[in-house]
Structure formats: C-alpha cells, structure tokens
1. Pairs only if they're at least six apart or on different chains, beta carbon under 6 angstrom, first in segment 24-41 and closer than 15 Å to Ala52 by Cβ and in a helix (DSSP H, G or I), second modelled with pLDDT of 75 or more and of a type in the set (A, V, I, L, M, F, W, C); list them, first residue then second.
2. Could you count how many residues in segment 160-170 are outside any helix (DSSP H, G or I) and over 20 Å from Ala204 (Cα atoms)?
3. Just give me the residues in segment 8-23 being buried (at least 22 other Cβ atoms within 10 Å of the Cβ) and not in a loop (DSSP other than H, G, I, E, B), in sequence order.
4. At pLDDT below 85 and closer than 18 Å to Thr42 by Cβ: is that true of Val157 in this structure?
5. Considering only residues that are in contact (Cβ under 8 Å) with a residue 60 or more places away in the chain and within 29 Å of Gly122 (Cβ to Cβ), look in segment 78-89 and name the one that is farthest from the chain's Cα centre (by Cα).
6. Provide a single number: the residues in segment 60-77 that are surrounded by fewer than 16 Cβ atoms within 10 Å (Cβ to Cβ), more than 26 Å from the chain's Cα centre (by Cα) and of a type in the set (A, V, I, L, M).
7. What single numbered condition from (1) in contact with a Pro (Cβ under 6 Å, 6 or more places away or on another chain); (2) closer than 18 Å to Val120 by Cβ fails to hold for Leu187?
8. Using beta carbons and a limit of 6 Å, which pairs, at least six apart or on different chains, have the first residue in segment 209-225 and of a type in the set (A, V, I, L, M) and the second one surrounded by 10 or more Cβ atoms within 10 Å (Cβ to Cβ)?
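The values are calculated or read from the model by the stated rules, or taken from the named source; none is laboratory data. Owing to the predicted nature of the structure, the values given are computational and were not obtained by experimental measurement. Cβ atoms come from the backbone with ideal geometry, glycine included; neighbour counts cover every protein chain shown.
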Amino acid sequence: MASWLFVLAAYLIGSVSFAVVVSKLFALPDPHSYGSGNPGATNVLRTGNRRAAVLTLLGDVLKGVAAVLLAKALAPDLGLSTLTVMGVGLAAFLGHLYPVYHRFAGGQGVATGKHAASIVAGTPGILHGARSYLLQDEEGQVLDTESISAGLDYPGVGPEHCYLSDIGRAQYVAAEDADVLETFGLLTRIEGILPALESTHALAYVAGLKGTLAPETVVMVNLAGRGDKDVGIVEAHRPLE
C-alpha cells in the first residue's frame, strides 16, 4: 500500500507547474495564454524574463529529484523496493507531462530532456576539438538530442555563439517542435514561402511572443535556406489533408 501511495504522491508532486507558480510570483501572464500554451521554461522565456525561465526549469527538474530522493531515504524504513523508487521517478515525470491540476496539459520542452538546445540547457565541454556548450551527462558523455530539424539535431554549438551568449551580446532561446511545424504551415499559407525548419525555429519563437510586445514593435527575422528539403519531414509529422 505504501508503494502505491508514494507513486501517487510523486505524480501529484510532478503535476505542480512551476511555470504557473513562477509566473504568478513575477506577475507574468499565465503561460497557458501565449506562445505554445505549454506551461514550461521554454514558454516562460518568451516573456523575456530569463530569471523566471531559469527558476521554472530548476523547479521542474528538482521536483522529480526531490520525489526520488525522498523515496530512497524512506525506503529502508517503509520497505520500499528499488522498483518502487524507479516508479516514483517515472510518476513524477508523467505528472510534469500530464499534470492533473491543468487538465493533463503539461510542458514538453527543455525540461523533458527531449531537445537540442545546447546553449539554453548545456554545460561547457569539448566535442570535435572545440570547447562549447554541450548536452552531456555528469561524466562528459554526449547525450542524445531530438529536434524536428536535422540541421539543429546536434549536442553542441559553435564556440562563437557561446562567446556571444556569455558576454550578453546575443540571447539564445528554444522553440518546440510542435510550434515549429505550426509556424512552417502558417508562413507557407500566408506568404507562399517554404522556410527551412532551422530558421523556422526563429519564426516560431517570434510568433510565440504575440501578446507580449507593444503594438508598435517591429521584429526582423532572417530566413536562411529553403524548406522544400524539409517537406518530407513535415509531412511525416503532420500529414497533409
């Protein structure tokens, strides 16, 4: 009985949306009301408040860690098995993806680990002879990446980008696959332009800023490459009707 209670408690802990909590603390809009609508660090970053986004990411990661550490600490006294402790971690993760408090609509961006946002979530390391921000584990082993764009599906990034980020000359953000696919279709329908999926990430981020910028704001986005090479990828993920 104790095992099931711990798993249930872990799911409820995982369901706590730090995007919502942090947004209220910083008087930011509800993360469900703009951008992708996902209550996660990526969406909070669209408000331009990097501190709020970092706190959201830390909260979303640490809630799962806290649930597992608590289960491990109490395991000897309550007779919890290793399988139960593993179940606690899984339950916390599922709670983040499908939170009961928000009609099972959760974040599926950087906090889930399914991304290729090396500058946003990476740490300094060396890959292919260059020191840059990498997606790696605590032993320096490169992690698997996931991106709708083949050109961005890479665990590292150019050192020059890392330098520009470190000195504050440029700000680097992340975009989710679902938003990129939606924006690809939007530009294609409205402008008749097939944008490459790499630069469509920039368009997706800008589109997600709707409602957070002043009406007189002018935004310039540089499109690089052609999207005809990506039509097959788009079709595979979002079949045309």
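1. The qualifying pairs are Pro31/Ala19; Pro31/Val44; Ala41/Ala53; Ala41/Leu57.
2. 3
3. Answer for segment 8-23, where residues must be buried (at least 22 other Cβ atoms within 10 Å of the Cβ) and not in a loop (DSSP other than H, G, I, E, B): Ala10, Tyr11, Gly14, Phe18, Ala19, Val22, Ser23.
4. No; evaluated as a whole, the condition is false for this residue.
5. Val88
6. Summing the residues that are surrounded by fewer than 16 Cβ atoms within 10 Å (Cβ to Cβ), more than 26 Å from the chain's Cα centre (by Cα) and of a type in the set (A, V, I, L, M) in segment 60-77 gives 2.
7. Among (1) in contact with a Pro (Cβ under 6 Å, 6 or more places away or on another chain); (2) closer than 18 Å to Val120 by Cβ, Leu187 violates only (2).
8. Listed by first residue and then by second, the contacts come to Leu209/Arg46; Val219/Val206; Val221/Ala202; Val221/Leu203; Val221/Val206; Leu223/Pro195; Leu223/Ser199; Ala224/Ser199.
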